[in-house]
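Written out below as structure tokens is the structure these notes cover.
The values are calculated or read from the model by the stated rules, or taken from the named source; none is laboratory data. Just so we're clear, the structure is a prediction, and the values are computed from it rather than from any experiment. Note that we place each Cβ from the backbone using ideal geometry, even for glycine, and neighbour counts take in every protein chain shown.
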Amino acid sequence: MFTESEDLLAGLNHPQKQAVLHGEGPLLILAGAGSGKTRVITRRIVQLMQNGVRAQSILAITFTNKAAGEMRKRVDSIVPGHRVQISTFHSFGVRLLRQYADRLGLNKDFTIYDQSDRSKLTKIAIEDSGLNAERFTPDTISNSISKAKNQLLSPEKFAQSAKDFFSQSVAQVYPYYEKRLRESNALDFDDLLYWPALALRNDPELRAELDARYRYVMVDEYQDTNTAQYAIARGLSVDYPNLCVVGDPDQSIYKFRGSDIRNILDFERDFPNATVLTLSENYRSTKPILSAADRLISHNTQRKPKPLISMKEGGSPVTQITFDTGAEEANGVAKRIAQQVNSGNRSFRDFAVFVRMNALTRSLESAFSRHRVPFQIVKGMAFFDRKEIRDVLSYLRLLVNSHDNISFMRAVNEPARGIGKVSLDHLKNHAEPREISLLEACGVVEKIPTIKGKAASGLRDFSLLMKGLRELLEHPPHEVIAKTLDASGYREMLRRSTDPEDQERLANIEELVSAARQFQVEDREPNLADFLENISLASDTDAHDANKDSVSVMTLHAAKGLEFPVVYMLAMEQGILPHDRSLENDEELQEERRLAFVGMTRAMHELFLCNARMRDFRGSVVFTAPSMFLGQLPGSEIKVIEEGPSTPMNSMLRGPGKGSQMTQGWKNNQIKAPTVASISPMPVKDGSYSEGMMVKHPAYGKGMITEISGYGAMRRLKIRFQTAGERSFIADKVQLEIIQS
DNA sequence: GTAGTACCTTTTTTT
DNA sequence: AAGGTACTAC
């Protein structure tokens, strides 16, 4: 045992060792970017176990499920078969709520509502409340409710504190929203924290029980916890105050969803006897990168200054490249990456491209295709947002939770069963006063005289369909899904459609079935409910595949916690980064600066900061000014490259020569101009396939690729076969022999 | 009840 | 640019 703990300290610096060896009592680890905090947490978990702490007494909270999985694996490689609980706050919350559902007055089969469910429900709640909501959108209101929950404000408390007109309007809606959630036996994302936090606060017995169960609690990315998460961590650390939090105030980037940087800044006030350790040695980035990032972040006024010490000597300077247009920026980056790979120094997987907004990834797609650069856009959840997937999921959710009225409304007439709005209104009018679910009401549709004809038989069919499918509930998820697709007629509807988009949809729902087939949970046979829960709690980054040899494209938010040898940050322009909506407010501006800081500190060897003089935005061309952050770097150390203007057309469009107006920001500069994007005659390519290519499929024989769409794991090929007609395939999965390009 | 069309907002970031 | 919503015609 002694030698093992020696090993645990191998290669660690002094504060890291102290952190690993820390036993009981509260501990705050201020870990600068790239200072090896994951390593420290992992080793500390192992160290605790080696000192006799039971694995079940340790709870580690990470920011994403992927991070949890990686940490679990790392601990497992040292202590195989350990039973340490490692999860996100949300997963932990769900687990707790399912376990203590009875005690909390919940039904354990609850559905987890996402943003879009939430806004549908809010719409209904607004109607319930009778609020004249012309002035506020459901999204604004539901955002406000979300914030209230993050601050653990119940509808009553929120109403008490509501002073202005907007808050008072929200206060009117909030109780109805809650009522509708309960009626559907659903919880929204915020509830997954809100309920556990309140349970810990209001149920002393339960709190003590959990506190004793989880004697050692560790929270990573503590700077991004919100009030509810804070309350959970706190509640678990009263009798056994062995709370270890790790974070970096300079990397707090989730204020918009309620995270409160004060949680980390005030840790020492909460736990006056806390040990505080600072990890300032950076093992990730070269000196020029770190000093640029350091200089930028030093412009934030509300911060505890802390040193960042690069342990890497040398390194090339940070490069700033200005392009003429957004399209040229995308092209230029793709070209540079292709060159760097071709010269043999790098693989595609060494590169990452960060953007402030998802919309900016679009131009990259075509540029990468054109330069034959393989890439993955890290937005895993996009797949589950597709109409057909949501449709099928609504069937599944309704199977697990028959009260889920939002899912009922979505599934009931898809495919069309002759059930229209009027009949559904009758159904609601029947169900609501009797306090039964819409699906239950559906089962007694004969008793509702106002519904007749096609609608009545359609509703009865639907009720019988769901009854039949319910029998299969405990079968493996992929079986239930396959049966659902058949029995509902959904698959048939798509199959019969002549719309080529529907063939794509068909491929997507088949993909869902195979995703379910591959789905496994650690120690037991998963059921449908597990599968759905997994989907609900997945994050964008969870889909990132670091082993795949492709360029990673993602938002700055998704980049948190990752590192890459070469990083390109795009659209460093006033109005984008910092974002337009932060310009008025200094606190938000500082958060934008932290966001830029997070992006820069992901880079190990090379960092490129890019901007364009104009860019397509929502249909029109917008003139931009360089990001103010570019002016806050150590100018003399930055290498500046000006690209373009490459065509006379561009310089004509560059507008007022002096540029004085261009520095004014974003909104005022919106003007219409002919789009300059040139249409490339090159075929669309993704690594190995291109449009027009002749291929051979093992089952369908010879055919020609007619269309390539999507990206990463979702890349699709449409192939017209000589005999089998046109079909869609997942590019990654399909076995094709290239006959001729 | 459905299909087709015009219009209009959207996202900044996400568990 | 695109997807959802509201409205209209069948």
(message) Which of the numbered conditions does residue A:156 fail, given that it passes all the others? Conditions: (1) within 23 Å of the chain's Cα centre (by Cα); (2) part of a helix (DSSP H, G or I).
(response) (1)
(message) Can you report the number of residues in the stretch A:337-360 which are assigned to a helix (DSSP H, G or I), crowded, with 17+ Cβ neighbours inside 10 Å and more than 9 Å from DNA strand B (Cβ to nearest atom)?
(response) 7
(request) Would you please name the residue that is nearest to residue A:109 (Cα to Cα), looking only at residues in the stretch A:380-407 that are within 16 Å of DNA strand C (Cβ to nearest atom) and aromatic (Phe, Trp, Tyr)? (result) A:384
(request) Tell me which of these residue A:580 doesn't satisfy, since it passes every other one: (1) out of contact with any helix residue (DSSP H, G or I) (no Cβ under 8 Å at 6 or more places or on another chain); (2) near DNA strand B (Cβ under 8 Å from one of its atoms). (result) (1)
(request) Of the conditions (1) within 16 Å of DNA strand B (Cβ to nearest atom); (2) without any contact (Cβ under 8 Å) to a residue 12 or more places away in the chain; (3) of a type outside the set (A, V, I, L, M, F, W, C), residue A:73 clears all except one; give me its number. (result) (1)
(message) Being among the aliphatic types (A, V, I, L, M) and part of a helix (DSSP H, G or I) is the filter here; which residues of the stretch A:413-428 pass it?
(response) A:422, A:424, A:427
(request) May I ask you to verify whether residue A:587 is assigned to a helix (DSSP H, G or I), away from DNA strand C (no atom under 16 Å from the Cβ), touching a residue at least 12 places away in the same chain (Cβ under 8 Å) and surrounded by fewer than 20 Cβ atoms within 10 Å (Cβ to Cβ)? (result) yes
(request) For residues that are free of Cβ contacts under 8 Å to residues at least 60 places away in the same chain and assigned to a loop (DSSP other than H, G, I, E, B), scanning just the stretch A:251-285, find the one that is nearest to residue A:151 (Cα to Cα). (result) A:260
(request) Just give me the residues in the stretch A:77-110 being of a type in the set (A, V, I, L, M), part of a helix (DSSP H, G or I) and more than 19 Å from the chain's Cα centre (by Cα), in sequence order. (result) A:78, A:96, A:97, A:101, A:104
(request) Please give the number of the condition residue A:476 fails out of (1) away from DNA strand C (no atom under 16 Å from the Cβ); (2) within 29 Å of residue A:423 (Cα to Cα); (3) under 29 Å from the mean Cα position of the chain (by Cα). (result) (2)
(request) Collect the residues in the stretch A:436-457 that are under 24 Å from residue A:179 (Cα atoms) and touching a residue at least 24 places away in the same chain (Cβ under 8 Å), keeping them in residue-number order. (result) A:437, A:438, A:439, A:440, A:442, A:443
(request) Just give me the residues in the stretch A:373-412 being at pLDDT 85 or above and in a loop (DSSP other than H, G, I, E, B), in sequence order. (result) A:373, A:374, A:401, A:402, A:403, A:404, A:412
(message) Tell me whether the stretch A:525-545 contains one or more residues that are more than 28 Å from residue A:187 (Cα to Cα) and in a strand (DSSP E or B).
(response) no
(request) Answer with yes or no whether residue A:559 is over 24 Å from the mean Cα position of the chain (by Cα), closer than 20 Å to residue A:296 by Cβ and either in contact (Cβ under 8 Å) with a residue 40 or more places away in the chain or within 16 Å of DNA strand C (Cβ to nearest atom) (or both). (result) no
(request) Mind checking which helices (runs of 4 or more DSSP H) fall wholly inside the stretch A:436-500 and carry at least 1 residues that are touching a Pro at 6+ places or on another chain (Cβ under 7 Å)? (result) A:477-488, A:490-496
(request) Sort out which residues of the stretch A:341-356 are closer than 22 Å to residue A:600 by Cα and modelled with pLDDT of 90 or more, and write them in order of number. (result) A:341, A:346, A:347, A:348, A:349, A:350, A:351, A:352, A:353, A:354, A:355, A:356
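So, in the stretch A:364-375, of the ones that are away from DNA strand B (no atom under 14 Å from the Cβ) and within 21 Å of the chain's Cα centre (by Cα), which residue ends up farthest from residue A:515 (Cα to Cα)?
A:365
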(request) Look through A:545, A:530, A:502, A:540 and report the one residue that is within 30 Å of the chain's Cα centre (by Cα) and buried (at least 18 other Cβ atoms within 10 Å of the Cβ). (result) A:540
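Let's see how each residue does on (1) within 16 Å of DNA strand C (Cβ to nearest atom); (2) touching a residue at least 24 places away in the same chain (Cβ under 8 Å):
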site: A:92; (1), (2): no, yes
site: A:95; (1), (2): no, no
site: A:102; (1), (2): no, no
site: A:114; (1), (2): yes, yes
site: A:121; (1), (2): yes, yes
(message) For the stretch A:48-76, which positions are in a helix (DSSP H, G or I), buried (at least 21 other Cβ atoms within 10 Å of the Cβ) and over 22 Å from the mean Cα position of the chain (by Cα)?
(response) A:48, A:75
(request) Would you tally the residues in the stretch A:292-314 being over 30 Å from residue A:617 (Cβ atoms), out of contact with any Gly (no Cβ under 8 Å at 6 or more places or on another chain) and crowded, with 18+ Cβ neighbours inside 10 Å? (result) 2
(message) Checking the condition under 21 Å from residue A:180 (Cβ atoms), within 10 Å of DNA strand B (Cβ to nearest atom) and not charged (D, E, K, R), which residue from A:405, A:413, A:429 passes?
(response) A:413
(message) Could you check the stretch A:9-44 and list, in sequence order, the residues that are part of a helix (DSSP H, G or I) and more than 24 Å from residue A:271 (Cα to Cα)?
(response) A:39
